[in-house]
1. From the list Arg27, Arg45, which one is within 31 Å of the chain's Cα centre (by Cα) and at pLDDT below 90?
2. Give the residue, chosen from Arg52, Arg77, that is modelled with pLDDT under 90 and over 26 Å from Thr9 (Cα atoms).
3. Please state which one of Arg77, Arg68 is surrounded by 15 or more Cβ atoms within 10 Å (Cβ to Cβ), of a type outside the set (A, V, I, L, M, F, W, C) and either under 21 Å from Ser149 (Cα atoms) or in contact with a Ser or Thr (Cβ under 8 Å, 6 or more places away or on another chain) (or both).
4. For residues that are within 22 Å of Arg76 (Cβ to Cβ) and either surrounded by 14 or more Cβ atoms within 10 Å (Cβ to Cβ) or charged (D, E, K, R) (or both), tally how many sit in segment 120-144.
5. Can you name the residue in segment 159-173 that is β-branched (Val, Ile, Thr) and surrounded by fewer than 17 Cβ atoms within 10 Å (Cβ to Cβ) and is also farthest from Arg78 (Cα to Cα) among such residues?
Amino acid sequence: MTTETQSETRVDIFLAHRPALIAYAVRLLGSRDAAEDIVQDAFVRFLPSSTRSVSKGQLLAYLYRTVRNLSLDVLRRRKVAAIGHQDDVPFWSVPADVQTPEQSALLCDDIRRISQILSELPVEARVAVEMHRFGGYTLDEVAAHLGISTASAHRYVTAAMMKVATALLVNAT
């Protein structure tokens, strides 16, 4: 089978099974839009033909496996993003009832420490923390704004929050 014929066969197989592939991806992802994106990505990986000849059944199995693997990658990324965006806000960002002048002074000291820690961070890390923790943006939105990966945005936020928590715990003891 020539390379051109094999490419045509791959396109034919893809077009014949595209609706079933989308339905398969929808079951995995729960979203038709995401499923269509995954199937399109799978097609881009599927189209380049190899030099060896394979059966249509093997090509179809490869296509389904590609859709499955890409879907699982999306689910893993969603899970990482969900871990980074918890509904629990840090204790230091919740307004507190200040009852005594001493408590007020301690709160102001904590806020100064937090402000200092955030100002010492690299610009991208500071923007990521401010957007995510104070602005309520998701890690995906932060990553898109900064032009970085979601994992990098998560690392920035996590590292900054650890610095803040460590500084507050050290000074509290």
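1. Numbers: Arg27 fails: at pLDDT below 90.
Arg45 is the lone residue from the list that is within 31 Å of the chain's Cα centre (by Cα) and at pLDDT below 90.
2. Exactly one residue qualifies, and that residue is Arg77.
3. Details: Arg68 fails: either under 21 Å from Ser149 (Cα atoms) or in contact with a Ser or Thr (Cβ under 8 Å, 6 or more places away or on another chain) (or both).
Testing whether each residue is surrounded by 15 or more Cβ atoms within 10 Å (Cβ to Cβ), of a type outside the set (A, V, I, L, M, F, W, C) and either under 21 Å from Ser149 (Cα atoms) or in contact with a Ser or Thr (Cβ under 8 Å, 6 or more places away or on another chain) (or both) leaves just Arg77.
4. Of all residues in segment 120-144, those within 22 Å of Arg76 (Cβ to Cβ) come to 128, 132, 137-144.
Those left that are additionally either surrounded by 14 or more Cβ atoms within 10 Å (Cβ to Cβ) or charged (D, E, K, R) (or both): 128, 132, 137-143.
Here the count works out to 9.
5. We begin by selecting, within segment 159-173, every residue β-branched (Val, Ile, Thr); these are 164, 166, 170, 173.
From what's left, surrounded by fewer than 17 Cβ atoms within 10 Å (Cβ to Cβ): 166, 170, 173.
Values: Thr166: 28, Val170: 34, Thr173: 37 Å.
Only one residue fits best here, namely Thr173.
The values are calculated or read from the model by the stated rules, or taken from the named source; none is laboratory data. Predicted model only: the values in this text are computed from it and were never measured. Every residue, glycine among them, receives a Cβ derived from its backbone with ideal geometry; neighbour counts consider all protein chains shown.
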